[in-house]
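The values are calculated or read from the model by the stated rules, or taken from the named source; none is laboratory data. What you are looking at is a predicted structure, and each value in this text was computed from that prediction instead of being measured. Surface areas here come from the heavy atoms of the whole protein model, side chains and all, with no ligands, DNA or RNA. Shrake-Rupley method; radii C 1.70, N 1.55, O 1.52, S 1.80 Å.
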Amino acid sequence: MFPEYREKITRLKAEDPHFAKLFHSHNDLDQEIKNMEAGITPASHDAIEALKRQKLQLKDDLYEILRKKDGCCGGCGG
């Protein structure tokens with residue numbers, strides 16, 4: 001996830017508790033979804049889709065933090 005921000009992610013996970021919490025929540029959801037899709041954890045299609053939406057929101061939140069810490073508001077598209 002976001003290879004262009006690899007160093008920044010490592011730093012933020014150590015320095016920013018909120019970022020670290022979001023990052024770990026994203027990874028936990030990712031594993032939970034994989035387990036559901038593999039049939040390891042039983043779940044309905046709707047439950048999986050709901051978790052995917054939560055995961056996407058977390059990813060958007062993480063990206064927003066990364067962009068702000070990068071000195072960019074994200075509004076210019078550049």
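The slack in the chain from Glu15 to Asp70, taken as 0.36 nm per residue of separation less the alpha-carbon distance, amounts to 18.3 nm.
The lysines within cross-link reach of Lys34, meaning a Cα-to-Cα straight distance under 24 Å and a gap of 8 or more places when in the same chain, are Lys13, Lys21, Lys52, Lys55, Lys59. Per residue, the accessible area of the chain comes to 69 Å², computed with a 1.4 Å probe over protein heavy atoms only. Taking the accessible area of the chain, probe 1.4 Å, and keeping the other protein chains in place, the carbon and sulfur fraction comes to 51%. Put Lys59, Lys68 in order of accessible area, highest first, and with a 1.4 Å probe you get Lys68, Lys59. Here is how the number arises for the chain: DSSP H runs of 4 or more residues each give -39500 (n - 2.57), the sum is divided by the residue count, and the result at 222 nm is -24500 deg cm²/dmol.
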